[in-house]
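Let me begin by presenting the structure, written as structure tokens, before commenting on it.
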């Protein structure tokens, strides 16, 4: 078929790109949501997106080369997506080559990405290009109809009896910079301690970027930023957002300081996350976990989360562009 490659135009291509992203993910995208994500981007981001378009200039695929400031070394994330009816015609390969060329020209020495484990086409595509498989990320979903919290209340009471206090930004307010910085510091520490980040060397977003990404997002609710305190020490948190497009919640992270594990705090946070979702009247909560995070996977299963096809994180070195 006749097609061409040009730079992506956010103003004209986002509605069609949202359709494409919705097809290949578990989230429903809209043009408005893509514009929101664009507005929250760090000023240090390096990115180029390539649109594959048909003879009518309608988007049929997209290639994305992206470097965030928190990525170690000179890594770039490359993401390639093509509408199903246009696959197996060389379009994805062309988008990939364009994206890799951009990354290499900007000093990239290592490519990263992800591929859905239930996508045979995607698995063939990345295997052909010599990617290694770094981590397996589980997706799971908890339907909320009929959820019974009774058996999880003892964990909450146990944590409280040990001196742990639970709160949220709805209670403390979200205008106190000291509180927001404490939340940012805890979030960064817990993300660094996740098995998925072991040995990767990722840093965490700056406080300024964190403010944009979290507090200016449409999914943000103050009562969804839940944390556990031991006196003045921040020891655990759960961050949950509301996605109105699917009437669902997403539990982005639940974590507890290593020194405080085994005291029921993680289960208590999970329970408070469910209560948050129920207050907002959503149908289900989604989350993801690394396959090596056996403790959190066991807690999710106890709560009734149902495993779904997840993602493989992938990577491969590339030679930098020669002068």
Return only the number of the condition from (1) in contact with a strand residue (DSSP E or B) (Cβ under 6 Å, 6 or more places away or on another chain); (2) exposed (fewer than 15 other Cβ atoms within 10 Å of the Cβ); (3) under 20 Å from residue 231 (Cβ atoms) that residue 169 does not satisfy. (2)
Counted residues, the stretch 132-156 - those being farther than 22 Å from residue 23 by Cβ and touching a residue at least 12 places away in the same chain (Cβ under 8 Å): 16
Hey, can you tell me all the residues within the stretch 54-64 that are buried (at least 19 other Cβ atoms within 10 Å of the Cβ) and either over 17 Å from the mean Cα position of the chain (by Cα) or in contact (Cβ under 8 Å) with a residue 60 or more places away in the chain (or both)? 59, 60, 61, 62, 63
Residues that are assigned to a loop (DSSP other than H, G, I, E, B), touching a helix residue (DSSP H, G or I) at 6+ places or on another chain (Cβ under 9 Å) and either in the same structural domain as residue 144 (by TED's automatic domain parsing) or at pLDDT 95 or above (or both), drawn from the stretch 284-323: 291, 292, 293, 305
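The values are calculated or read from the model by the stated rules, or taken from the named source; none is laboratory data. The structure displayed is predicted, hence computed values, not measured ones. Because the Cβ atoms are built from the backbone with ideal geometry, glycine has one as well, and the counts that use them run over all protein chains shown.
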